[in-house]
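The values are calculated or read from the model by the stated rules, or taken from the named source; none is laboratory data. For clarity, every value in this text was computed on a predicted model and none was experimentally measured. All Cβ positions, glycine included, derive from the backbone under ideal geometry; neighbour counts span all protein chains shown.
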């Protein structure tokens, strides 16, 4: 279990990169939609479809981050801790897109795109519930959500980051040993590793991985990206 929590923790920076990737896709396709509106270059059906695809992926990246932090710290991470303002909305939207198949970005005003409500989804008790989305265009909404999510991650990791298992030399050595069972590594490469195992393992003792620090650096990068979008 500890090895798994280490792997999940190491993946957090990549999940933050994934969140940033889909946010950038949302920004880019929104700019295309705005340009097509201004030049009256219609239809824009394809662009609206892409916008919804990227928004769905963006929501799933948020869910992955929440679950990953919860797993690696071994602490329950509530939606209201991740995002006090938008947590419930994100949870409902993510479930609506993933489980119910909704495309949520369904309205436009001027050159901007919106999620209009009330929206519906089926809850865990098979009941239809309604919820209202924030009255913000999709870029403003995603930027505001992202900033609050990142702040929530920072606070949670500052509080529980010490729970994340520390990567030790033995973990690296165990990983090398496991590589010998891989079907994707050629036998001649495995043989070379075995012959040079001492030389390979010797520098490992100086390797230090700080999962919280690496995650915080990725958060700062994503915050910078959001700030650039908002300017």
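Things worth noting here:
- Against the list (1) part of a loop (DSSP other than H, G, I, E, B); (2) surrounded by 19 or more Cβ atoms within 10 Å (Cβ to Cβ); (3) modelled with pLDDT of 90 or more, the condition residue 104 fails is (3).
- Some residue of the stretch 68-79 being in contact with a helix residue (DSSP H, G or I) (Cβ under 6 Å, 6 or more places away or on another chain) and within 21 Å of residue 135 (Cα to Cα): yes
- Only residues that are within 19 Å of residue 71 (Cβ to Cβ), part of a helix (DSSP H, G or I) and at pLDDT 80 or above were counted in the stretch 158-187, giving 6.
- Criterion violated by residue 19 - all others in (1) part of a loop (DSSP other than H, G, I, E, B); (2) under 29 Å from residue 224 (Cβ atoms) satisfied: (1)
- Test: residue in the stretch 117-138 that is within 30 Å of residue 37 (Cα to Cα), assigned to a helix (DSSP H, G or I) and at pLDDT 85 or above: yes
- Complete set of residues in the stretch 54-99 that are crowded, with 19+ Cβ neighbours inside 10 Å, within 28 Å of residue 6 (Cα to Cα) and more than 16 Å from the chain's Cα centre (by Cα): 73
Residue-wise test of (1) out of contact with any helix residue (DSSP H, G or I) (no Cβ under 7 Å at 6 or more places or on another chain); (2) touching a residue at least 60 places away in the same chain (Cβ under 8 Å).
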position	(1), (2)
107	yes, no
116	yes, no
124	yes, no
129	yes, no
134	no, no
147	no, yes
152	no, yes
157	no, yes
